[in-house]
Amino acid sequence: MNRSAIRESAFKLLYSSEIQKDFEQEQIDIFLEDNNITKNEEIEYIKNSFFGIRENITQIEKLISNNLTQKWTIERISRIDIAILKLAIYEIVYSKLPYKVVINEAVELAKKYGEDSSKSFINGILASIVKELNISE
């Protein structure tokens, strides 16, 4: 699996956990098995992303909330968009991946899984967060 495919699998796991709030290790193992994810590098990336987001969820959600327009709240964001945003923010802020790559990949996920407006919404929120945090290449 290439990095984009691994990221997409991580997104799918996060989305599943958004739907089922009590998500346990056993469900992660079942997800990996059902999706035939067996390579250590792939498993490690997915698990690190999942648990890293959980560990930093308060800060990640605060970044999202701070960058919404006044009429929006985090509760109004679709579960697909929220999963994409959480993964992208984790990768930019905590994994220190190049933000341009992460934003591009997040927009691609939004095009594939989100609504028509998702790609611009995701792009706008992530660009605003990068600006707020003064992240440079």
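Summary of computed values
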item	result
The stretch 2-38, residues that are surrounded by 14 or more Cβ atoms within 10 Å (Cβ to Cβ) and small (Gly, Ala, Ser)	Ser9, Ala10, Ser16, Ser17
Meets criteria (part of a helix (DSSP H, G or I) and either at pLDDT 95 or above or not aliphatic (A, V, I, L, M) (or both)) for Asn104	yes
Top-ranked residue in the stretch 90-101 [being of a type outside the set (Ser, Thr, Tyr) and assigned to a loop (DSSP other than H, G, I, E, B); ranked as surrounded by the most Cβ atoms within 10 Å (Cβ to Cβ)]	Leu97
Within the stretch 39-89, considering residues that are outside any helix (DSSP H, G or I) and of a type in the set (Lys, Arg), the one surrounded by the most Cβ atoms within 10 Å (Cβ to Cβ)	Lys39
Criterion (out of contact with any Asp or Glu (no Cβ under 9 Å at 6 or more places or on another chain) and within 17 Å of Val107 (Cα to Cα)) met by exactly one of Ile57, Ile77, Ile53, Ile82	Ile77
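Table: residues versus (1) touching a residue at least 40 places away in the same chain (Cβ under 8 Å); (2) under 22 Å from Ser9 (Cβ atoms).
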position	(1), (2)
Thr69	no, no
Thr73	no, no
Asp81	yes, yes
Tyr94	yes, yes
Val101	no, yes
Glu105	yes, yes
Ser118	yes, yes
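The values are calculated or read from the model by the stated rules, or taken from the named source; none is laboratory data. Since we're looking at a predicted model, the values are computed, not measured. Every residue, glycine as well, gets a Cβ built from its backbone with ideal geometry; the counts of neighbours run over all protein chains shown.
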